[in-house]
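For reference, the structure is listed below as structure tokens.
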Amino acid sequence: YFTGEELYRTFVNTTFQGTSGFVDLDPDTGTRKPTSALFSLTNFVDDEYVSGRSLAGYQETQVRFREVETGYFHSGDWVHIKPYTFNDGTHNTPIDLPAAEDSQNTLGAGLKSVGFILCGLIFGLS
């Protein structure tokens, strides 16, 4: 017999060939080491616009997309194949979004009072 700790230590110190390639685990975290993983970055860009009439007779436009592999991560390094295309159609990285406003969206004091009174009436009558 073996303990859970022994099973875990044996597993994280094992390397094997998986469906995604060679698998090597980090014994400290139990996760796959990035140097043994393959990550692919795929960009979906609009390719073709098709216009026509729908069954109901309305004008209809469809957009078809194609996959473009822009890069991959292998053996600890990113390999760039093509520039990434953003929603505006350029390869320029967009600026960060502005900080979100903290909006309380609370009810006014009068409305809160009416709500509390109605709640009290409902509890009192039940």
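Can you tell me which residues in the range 62-91 are among the β-branched types (Val, Ile, Thr), within 24 Å of residue 35 (Cβ to Cβ) and out of contact with any Asp or Glu (no Cβ under 8 Å at 6 or more places or on another chain)? Steps first, please.
Filtering the range 62-91 for residues among the β-branched types (Val, Ile, Thr) gives 63, 68, 70, 79, 81, 85, 90.
Those left that are additionally within 24 Å of residue 35 (Cβ to Cβ): 70, 79, 81.
If the condition is that a residue be among the β-branched types (Val, Ile, Thr), within 24 Å of residue 35 (Cβ to Cβ) and out of contact with any Asp or Glu (no Cβ under 8 Å at 6 or more places or on another chain), then 70, 79 are the ones that fit.
Among strands (runs of 3 or more DSSP E) lying entirely in the range 17-126, which contain 1 or more residues that are farther than 30 Å from residue 5 by Cα?
Per the criteria, 38-53, 59-74, 77-80.
Listed residues 106, 90, 70; which is free of Cβ contacts under 8 Å to residues at least 60 places away in the same chain and in contact with a strand residue (DSSP E or B) (Cβ under 8 Å, 6 or more places away or on another chain)? Let's see the steps before the verdict.
On the way: 106 fails: in contact with a strand residue (DSSP E or B) (Cβ under 8 Å, 6 or more places away or on another chain); 90 fails: in contact with a strand residue (DSSP E or B) (Cβ under 8 Å, 6 or more places away or on another chain).
Of the residues listed, the single one that is free of Cβ contacts under 8 Å to residues at least 60 places away in the same chain and in contact with a strand residue (DSSP E or B) (Cβ under 8 Å, 6 or more places away or on another chain) is 70.
I'd like to know if the range 91-105 contains one or more residues that are surrounded by fewer than 11 Cβ atoms within 10 Å (Cβ to Cβ), β-branched (Val, Ile, Thr) and more than 20 Å from the chain's Cα centre (by Cα).
So far as the range 91-105 goes, no, none of its residues is surrounded by fewer than 11 Cβ atoms within 10 Å (Cβ to Cβ), β-branched (Val, Ile, Thr) and more than 20 Å from the chain's Cα centre (by Cα).
Looking at (1) touching a Leu at 6+ places or on another chain (Cβ under 9 Å); (2) in contact (Cβ under 8 Å) with a residue 24 or more places away in the chain; (3) not basic (Lys, Arg), find the lone condition where residue 85 falls short.
(1)
Within the range 28-70, take every residue that is touching a Gly at 6+ places or on another chain (Cβ under 7 Å) and hydrophobic (A, V, I, L, M, F, W, C) and give me the one that is farthest from residue 84 (Cα to Cα).
38
Tally up the residues in the range 8-56 that are open to solvent by 80 Å² or more (accessible area, probe 1.4 Å), modelled with pLDDT of 85 or more and of a type in the set (Lys, Arg), please.
1
When the range 57-66 is examined, which residues are found to be surrounded by 10 or more Cβ atoms within 10 Å (Cβ to Cβ) and among the charged types (D, E, K, R)?
Result: 60, 66.
The values are calculated or read from the model by the stated rules, or taken from the named source; none is laboratory data. Since the structure is predicted, the reported quantities are computational estimates derived from the model, not experimental observations. Note that each Cβ is placed from the backbone with ideal geometry, even for glycine, and that neighbours are counted across all protein chains shown. Areas reflect the complete protein model, heavy atoms only, side chains present, ligands, DNA and RNA absent. Shrake-Rupley method; radii C 1.70, N 1.55, O 1.52, S 1.80 Å.
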